[in-house]
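K.L.:
Right, I'll just put the structure down here and ask away after.
The values are calculated or read from the model by the stated rules, or taken from the named source; none is laboratory data. These numbers were taken from a predicted model, which means no experiment stands behind them. Cβ atoms come from the backbone with ideal geometry, glycine included; neighbour counts cover every protein chain shown.
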Amino acid sequence: MADQGFNNSSVTFPDTSTAIGHLQSVDFSTGGEYIDLTDAIDATHVGTTGINDPECSIEVNGVTATARGTTGALAVTWRDGGSDAIAAAIVTEVSSSGSVDDKITSTLTFKPYSLT
């Protein structure tokens, strides 16, 4: 499912049975655990980043039918032509919210997925 959303950025996530919804925002991060490499003789803490831990959260209008546990390739295409992806992603969290006189939105969180 591809959706042209805010500022011509888009998210593609295959789920042939349901539509994800109209894209409102995207947050893609490639963080990882900080590994402390400080030695007893060091005057300050030193360290390095651990392995990449990509995560993508998207917000869409309405309540989404995409369920937690859905898997597939996730691709984010940014308006400036850049892109981010998780080759094998799983939906780890789905939440919906709304308030009086405001729209209902759903947030989906994607993380890497492996069968092994």
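A quick yes/no check of all residues on (1) over 16 Å from Thr12 (Cβ atoms); (2) at pLDDT 90 or above:
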residue	(1), (2)
Ala67	yes, no
Ala75	no, no
Trp78	no, no
Gly81	no, no
Ile86	no, yes
Thr92	yes, yes
Ser99	yes, no
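K.L.:
Okay, next question. Provide a single number: the residues in the stretch 20-45 that are touching a residue at least 24 places away in the same chain (Cβ under 8 Å) and either among the β-branched types (Val, Ile, Thr) or exposed (fewer than 11 other Cβ atoms within 10 Å of the Cβ) (or both).
P.N.:
So the answer is 3.
K.L.:
Applying the selection to the stretch 64-90, what residues are touching a residue at least 40 places away in the same chain (Cβ under 8 Å), surrounded by 15 or more Cβ atoms within 10 Å (Cβ to Cβ) and over 17 Å from Gln24 (Cβ atoms)?
P.N.:
Correct list: Thr70, Thr71, Gly72, Ala75, Asp84, Ala89.
K.L.:
Pairs, please: C-beta under 7 Å, at least 6 apart or cross-chain, first residue without any contact (Cβ under 8 Å) to a residue 12 or more places away in the chain and in the stretch 46-61, second among the small types (Gly, Ala, Ser) and surrounded by 14 or more Cβ atoms within 10 Å (Cβ to Cβ)?
P.N.:
none
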